[in-house]
Amino acid sequence: MLNISPRLEPPDLQLVHQRIKDTIAVLGNFKRLRDPERKRKDYLDLLRHDLANYYNYNDYLMQKFTDLFDIKELIEFLEANEVERPVTIRTNTLKSRRRDLAQALINRGVNLDPIGEWSKVGLIVFDSPVPIGATPEYLAGHYMLQGASSMLPVMALAAQPNEKVLDMCSAPGGKTTYIAALMKNTGMIVANDVNKERCKALTANIHRLGVVNTIVCSENGRQFPKIVGGFDRVLLDAPCSGTGVISKDASVKSNKVEKDILRCSHIQKELLLSAIDSVDARSSTGGYIVYCTCSIMVEEDEWVVDYALKRRSVKLVSTGLEFGREGFTKFKERRFHPTLKLTRRYYPHEHNMDGFFVAKFKKLSNLIPAKEGVYCRKAKAIIFTFTLY
Ligand SMILES: C[S@@+](CC[C@H](N)C(=O)[O-])C[C@H]1O[C@@H](n2cnc3c(N)ncnc32)[C@H](O)[C@@H]1O
């Protein structure tokens, strides 16, 4: 039986709630319970409309989620979006060890546990008598407040000590500071974000966490290869519609429409080509690009990755992540490259973390294919001319 939480609701919503349950019951036993005058599509349309009403989504978004999930999973997803995700923190291994940090917080009365087998640095906070963003350990940079899903792309990037890494859309720096910790503060990270205001928070986090291998700059990521290139690895945590983080920002439910998703998709495609062009395919240790979003829309995920596969000399490789659902290789009328199954999708109702998408590319050549099989030019790159902060 599907579990739809009852809400404190005006009478018409009570009615909608009851009708949702009735419609689901009919769809579950269509032959016996249907009104002979009505088709399956009529019931599905009514259900979609009622769900949009009940959970406050616009019709466009509810249709998109209906395309992604069957009814049972759709309700689970909508319900998960009504509940906050657990508070999680990442130990900053530049300053502390998880065991020591956990003990220090336990001494302050914080109730916590390791986040899961998959992470050596994450902790999940069940409750705390002190504000977790203002403890002496926090202020001393021993940890970062960081959503579980936002640790995954950094693990997939797997930057090595002494490499040259670009974090193209980096503010406020949750991922940059994790990359720095994995690189043990060696090599060089260029942490870029087009938004200068957000760069202030990025710089503050870099200082608080004791990161010393990072240069902050504020450029449009689309122009990046013209400014500097030759990176061993690039992380592109792209701006997106936020359909994976509705529990944090409920405004997404009503204000994202088709043009917003397509606008995001367009920018993401441009940024991804730019991220690929910033990497040196001949890097002896790397040559990798990780693309991620906190959106679960196919247009912002598989579609963008498939676009890049057709336009650059790259292939998808395993993210190395232990869990997550395979990306789509086909979706409605769209067909994607079969290797899209190497990408990973994360959902709030399945993984109890923000909705997320992660793809990892290996760059095969610095030449840019003009058309299929014809290579034309190298990505222009080179001189450091950007503004430092
Ligand atoms: C998902 S957030 C990044 C979060 C960050 N990676 C972290 O883990 O803390 C996306 C960022 O992309 C930035 N952005 C948007 N368009 C950009 C562009 N054209 N070039 C560079 N950054 C851009 C936004 O300012 C925003 O900070």
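No lab work stands behind these numbers, since they all come straight from the coordinates. Model, not experiment: these values are computed from the prediction. With ideal geometry, Cβ positions are generated from the backbone for all residues, glycine too; neighbour counts draw on all protein chains shown.
Compute the long axis of helix 11-28 from its Cα atoms, compare it with the longest principal axis of the Cα atoms of the chain, and write down the angle in degrees, 0 to 90, nearest 10.
Roughly 90 degrees, rounded to the nearest 10.
Of the peptides 50-56, 130-136, 249-255, how do they stack up when ordered by the mean number of other Cβ atoms within 10 Å, highest first?
Descending mean neighbour count gives 50-56, 249-255, 130-136.
Comparing Leu342, Leu262, Leu33, which has the greatest mean-square fluctuation in the GNM of the chain with Cα pairs linked when under 10 Å apart?
The residue with the greatest mean-square fluctuation here is Leu33.
Rounding to the nearest 10 and keeping the result within 0 to 90°, find how far the Cα-based axis of helix 196-208 lies from the longest principal axis of the chain.
Result, in degrees: 70.
If you count, for each residue, the other Cβ atoms within 10 Å and average over each peptide, how do 36-44, 110-118 line up from highest to lowest?
Top to bottom by mean Cβ count within 10 Å: 110-118, 36-44.
Taking 1 over the mean of 1/r across every pair of different Cα atoms in segment 93-137, what Kirkwood radius in Å do you get?
One decimal place: 10.9 Å for the Kirkwood radius.
Before rounding to the nearest 500, sum -39500 (n - 2.57) across all DSSP H runs of length at least 4 in the chain and divide by the residue total; then give [θ] at 222 nm in deg cm²/dmol.
-10500 deg cm²/dmol
When the Cα atoms of segment 13-80 are enclosed in a convex hull and the volume is divided per residue, what value in Å³ results?
84
Say we join alpha carbon atoms closer than 10 Å with springs in a Gaussian network model of the chain; which of Val190, Val212, Val298 then has the biggest fluctuation?
Val212
I need the phi-derived Karplus couplings for segment 328-343: 6.51 cos²θ - 1.76 cosθ + 1.60, θ = phi - 60°, integer Hz, Gly and Pro marked x.
For segment 328-343, the Karplus curve yields 6, 9, 9, 8, 6, 7, 8, 10, 10, 4, x, 6, 4, 5, 7, 7 Hz.
Let's see if you can work this out: charge +1 on each Lys and Arg Cβ, -1 on each Asp and Glu Cβ, no other charges. What is the dipole magnitude of the chain about its Cα centre, in debye to the nearest 20? Display every interim value, and only then the final one.
Details: 57 positive and 45 negative charges, 283 e Å.
Dipole size: approximately 1360 debye.
Over the Cα atoms of segment 249-365, compute the convex hull volume and normalise it per residue, giving Å³.
Spread over its residues, the Cα hull of segment 249-365 gives 117 Å³ apiece.
Please report, in Å, the Rg and the Dmax of the chain, where both are computed over Cα atoms only.
Expressed in Å, the Cα Rg and Dmax of the chain come to 22.7, 72.
Could you give the semi-axes, largest first, of the ellipsoid that matches segment 20-166, computed as the square roots of 5 times the alpha carbon gyration tensor eigenvalues and rounded to whole Å? The partial results should precede the final answer.
Numbers: eigenvalues 420, 70, 32 Å².
Those come to 46, 19, 13 Å.
Given the options Cys169, His351, Ile89, identify the residue whose Cα lies farthest towards the positive end of the charge dipole of the chain (+1 on Cβ of Lys, Arg; -1 on Cβ of Asp, Glu).
The Cα lying farthest towards the positive end belongs to Cys169.
Which residue fluctuates most in the GNM of the chain (Cα springs below 10 Å): Leu15, Leu202, Leu321?
Its mean-square fluctuation being the largest, the pick is Leu15.
Taking a temperature of 37 °C and a viscosity of 0.692 mPa s, what whole-number D in µm²/s does Stokes-Einstein yield for segment 263-325 with Rh from Kirkwood over alpha carbon pairs? Before the final figure, lay out each step's value.
Values: Rh = 12.7 Å.
Using the Kirkwood radius from Cα pairs, D works out to 259 µm²/s.
In square nanometres, what is one fourth of the surface area of the convex hull spanned by the alpha carbons of segment 171-259?
7.3
Using only Cα atoms, tell me the angle between helix 302-311 and the longest principal axis of the chain; keep it within 0 to 90° and round to the nearest 10.
Long axis of 302-311 versus the principal axis of the chain: about 40 degrees.
Debye calculation, C-alpha points only, no solvent: report log10 I(q)/I(0) for segment 149-377 at q = 0.08, 0.09, 0.11 Å⁻¹, in the same order as the q values.
Each listed q maps to, in turn, -0.26, -0.34, -0.51.
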